[in-house]
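Let me begin by presenting the structure, written as structure tokens, before commenting on it.
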Amino acid sequence: MKKNDIEFFKELLLSRKEQVLKNIDGTAKEIRDIDVSDAQDDADLASLNTSSFIGQALSVQQSKELLEIEYALGKIENGTYGICEMCEEEISIQRLKIKPHAKYCIVCREIAEQTKNKRSL
């Protein structure tokens, strides 16, 4: 992969990292601001609890993405960014543009998904 491609993806990852951190912070603030004492009845309480649950689920998802971004940034630093962790071939630029923290090329990702699905059966 060319040096300018690496720089492009590094900037893309850093930008996404910043956005994810803002999202996590915003979600945490929203969860803190939920006041169950404002509930007028059981329906209000259920709605507040649902909002809190959804916020926490989103936060978990965003935290997972943040770890993947950090991992990808580490791979940039050690010179292994854009290399599939399964077949060790280059991951296509098009795939990295869609998912810059991808660990696998598209073929290996499908294999990993099929293997995961078989294990869950």
Kindly indicate which of GLY82, GLY55 is small (Gly, Ala, Ser), buried (at least 17 other Cβ atoms within 10 Å of the Cβ) and over 19 Å from LYS17 (Cβ atoms). GLY55
Among helices (runs of 4 or more DSSP H) entirely inside segment 1-99, those with 2 or more residues being over 30 Å from GLU110 (Cβ atoms) and modelled with pLDDT under 95 are 3-33, 42-78
Condition first: part of a helix (DSSP H, G or I) and within 18 Å of the chain's Cα centre (by Cα). Now tell me which residues in segment 100-118 satisfy that. ILE106, ARG109, ALA112, GLU113
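The values are calculated or read from the model by the stated rules, or taken from the named source; none is laboratory data. Source: prediction; values computed, not measured. All Cβ positions, glycine included, derive from the backbone under ideal geometry; neighbour counts span all protein chains shown.
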